[in-house]
Structure formats: C-alpha cells, structure tokens
Amino acid sequence: MYDTKRMPSGAVRTRKAQHVEDTRRALLRAARDRFSERGYQATATEEIVQRAGLTRGALYHHFRDKADLFEAVYVEVADEVNGSLRRRAAADGSTDPWALYRANNEIYLEAASANVAYRQICLIDGPAVFGWSGWSDRQDAEGGMRTISRYVAEAMDAGSLPRRPVGPVTQLLAALGNQAVMYIAHADDPTRAHEEMRACVDWMLGCLEADAPGYADDDDLTRQRKGA
C-alpha cells in the first residue's frame, strides 16, 4: 500500500485514476473471457467478479448491470476487428475501392470463423442482447453502411462496378455480409462454413463487376424492359 498522506496531490489523483482504470480493465477481461466461453445468458455476474478477483460492488461501481458490461465488451471486440481493417488497408496500399471492399469483407468472414470472441459476443449474443434492430444500428454506427456506400460509389466512379443506384446496392451488400457472417458464426463447423461461404461470396461479388460475363449495361437493361 502507498501512503497518500506523503504523496503530492497530483500523484494521489494519478494513482487513484490508475486504480480505477485497472479495476475496469480487470472486469472487462474477465467478462470477455466468460462471455466468449459460455455466452451471455449462461454467465452470471458472480462468475465475472470472481475471475477478476473483485467484488460485486466494484462491478456496479463501473457498470449499471450485466447488459451494460456486455455492451462495453462488445464495443471493445468490434473495435479490434475494425482496427484490423484499417491496418490491412494501410499494409496493402491499394487504391482500388472494390478490391478494398472485397478484402474487408473477407476479414469479417475470417473473424466470424477464427475469432472466438467476435463470433460469440458480436455475432451470436449481440443480436440476442440488443435485438436485431439495435444490433443493426450498432453495425451502422461502426461505419458499416456508410463505408459500404463509399466503396460502392467509388467503385462505380472507377469503372469496377456498373452504374446503379448506390443506396439499393449498398443495402444488398450489407444484407449479404450480415447473413454470411451469421451463417459462419452459427455453423457446427465454422472453419468449413467459412471456406464454403467465402467461395460463394467471391462468386456473387464477381458477378456484380462491370467486366463480368453476361454483364448488361444500362442501355441493355432498358431494351430488355421494353421487350426489344
């Protein structure tokens, strides 16, 4: 123990702030471990505080309840995966928006398979705890829809995708991505499901590209609608 009476006031505040942060981090680590291993519903708050070596009072000092703690863990795990997207983009140095979108899409598919915390916390428990609407809103707040929309618009400008309304294309790609990661997360064998889904997603995204076999431009589509 340190004697606060002998320490400058600034040092005391620093020590206390560090203690508060250490306590919060210990709770987050313990909760993340338990939620990943057992799932949200099967995890009791008592298990979390025991693993953290703390008291229930410490938990409720930092978080309103188990759901509030879960949300903090969810944000942490989601931020880690989103951070891997930024690191991947920086490492690749690619400027092709469609190639970047496809690479980012694969990172989410891989995380759904290989990242146990992301699979259980963000994909399996997230929609159950927040509700589908609340979960979707969080996905959007993390840049999901806005990011996809930007990639789509830039890919059309670059000629990688044919000109189509950006909004509907964005919605369809978001739906494809959400269902793809959910398929993997809920599969009995996520590794095999990832391999299967990756092949299917690659095929479907390839069909959207401007140079895909059978691609019809706007004039072709207009003639088809008129029965020409």
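The values are calculated or read from the model by the stated rules, or taken from the named source; none is laboratory data. Small disclaimer: the values here were computed from a predicted structure and weren't measured. Please note: Cβ atoms are built from the backbone with ideal geometry, for glycine as well, and neighbour counts cover all protein chains shown.
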- Of all residues making up the stretch 32-61, the number that are surrounded by 14 or more Cβ atoms within 10 Å (Cβ to Cβ) and either within 24 Å of the chain's Cα centre (by Cα) or not in a helix (DSSP H, G or I) (or both): 10
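Every residue, every condition in (1) surrounded by fewer than 17 Cβ atoms within 10 Å (Cβ to Cβ); (2) over 27 Å from residue 206 (Cβ atoms); (3) among the small types (Gly, Ala, Ser), yes or no:
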| residue | (1), (2), (3) |
| --- | --- |
| 108 | no, no, no |
| 112 | no, no, yes |
| 115 | no, no, no |
| 120 | no, yes, no |
| 128 | yes, yes, yes |
| 132 | yes, yes, no |
| 137 | yes, yes, no |
- Scan of the stretch 73-89 for residues that are buried (at least 17 other Cβ atoms within 10 Å of the Cβ) and of a type in the set (A, V, I, L, M), ordered by number: 73, 77, 78, 81, 85
- Message: Could you tell me how many of the residues in the stretch 97-119 are under 11 Å from residue 184 (Cα atoms) and of a type outside the set (Gly, Ala, Ser)?
- Response: 4
- Item | Selection count where residues are surrounded by fewer than 18 Cβ atoms within 10 Å (Cβ to Cβ) and either touching a residue at least 60 places away in the same chain (Cβ under 8 Å) or not aliphatic (A, V, I, L, M) (or both), scope the stretch 155-181 | 10
- Please indicate, with yes or no, whether at least one residue in the stretch 175-196 is within 16 Å of residue 100 (Cα to Cα), in a helix (DSSP H, G or I) and of a type in the set (A, V, I, L, M, F, W, C). no
- Task: State whether one or more residues within the stretch 104-115 are free of Cβ contacts under 8 Å to residues at least 40 places away in the same chain, closer than 20 Å to residue 139 by Cα, within 14 Å of the chain's Cα centre (by Cα) and in a loop (DSSP other than H, G, I, E, B).
- Result: yes
- Item | Residue in the stretch 82-96 that is among the basic types (Lys, Arg), touching a helix residue (DSSP H, G or I) at 6+ places or on another chain (Cβ under 8 Å), modelled with pLDDT of 95 or more and not assigned by TED's automatic domain parsing to the domain that holds residue 24 present | no
- residue 138 versus (1) within 25 Å of residue 41 (Cα to Cα); (2) modelled with pLDDT of 95 or more: which is the lone unmet condition? (2)
